[in-house]
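To start, the structure itself, in structure tokens.
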Amino acid sequence: QVQLVESGGGLVQAGGSLRLSCAASGSIFSISTMGWYRQAPGKQREVVASITPGGYTNYADSVKGRFTISRDNAKNTVYLQMNSLKPEDTAVYYCNFLSPQRRVSWGQGTQVTVSS
């Protein structure tokens with residue numbers, strides 16, 4: 001089965017930056033739209049960014065202009081560059097296939113904590 005491993009989270013002050021990475025196993029990564037999701041305590045998981053195999057991107061309104069999703073198919077990795085971080089960005093961040101038909105079990109994610 002496909003495995004996804006997130007990394008790069010941490011504690012950062014408001015206005016700071018982090019770059020998250022998601023390393024994928026398997027052969028379907030390069031033909032799949034990938035998404036970054038986040039879940040804050042007491043809130044539902046939400047999609048914050050997605051990227052198609054060809055590099056077309058979409059963003060949640062809450063992160064537009066601040067976050068950039070990218071991918072390196074040769075490395076089976078998707079990234080999330082997070083700039084101008086706000087306390088409300090605090091959450092556990094996950095990556096997964098955007099398509100519900102390809103979605104795999106949620107991993108442990110990576111914690112992003114933004115202090116004010």
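Structure notes:
- Filter result for the condition that a residue is without any contact (Cβ under 8 Å) to a residue 40 or more places away in the chain, of a type outside the set (S, T, N, Q) and over 10 Å from residue 96 (Cα atoms), over 49, 23: 49
- So residue 45, is it at pLDDT 95 or above and touching a helix residue (DSSP H, G or I) at 6+ places or on another chain (Cβ under 9 Å): no
- Filtering the stretch 102-116 to residues that are under 21 Å from residue 57 (Cβ atoms) and either open to solvent by 30 Å² or more (accessible area, probe 1.4 Å) or touching a His at 6+ places or on another chain (Cβ under 9 Å) (or both) leaves 102, 103.
- Close contacts from the stretch 78-104, counting a first residue that is without any contact (Cβ under 8 Å) to a residue 12 or more places away in the chain and a second that is crowded, with 18+ Cβ neighbours inside 10 Å, with Cβ to Cβ under 6 Å and a gap of 6+ residues or different chains, come to 103/96; 103/97.
- Checking each residue in the stretch 29-81 for being among the small types (Gly, Ala, Ser) and either touching a Cys at 6+ places or on another chain (Cβ under 9 Å) or surrounded by 12 or more Cβ atoms within 10 Å (Cβ to Cβ) (or both) picks out 30, 32, 35, 40, 49, 50, 60, 62, 70.
- Boolean, residue 93 is aromatic (Phe, Trp, Tyr) and open to solvent by less than 30 Å² (accessible area, probe 1.4 Å): yes
The values are calculated or read from the model by the stated rules, or taken from the named source; none is laboratory data. Quick caveat, the model's predicted, so the values are computed rather than measured. Ideal geometry is used to build each Cβ from the backbone, glycine not excepted, and the neighbour counts take in all protein chains shown. Side chains included, ligands, DNA and RNA excluded: accessible areas come from the protein's heavy atoms. Shrake-Rupley method; radii C 1.70, N 1.55, O 1.52, S 1.80 Å.
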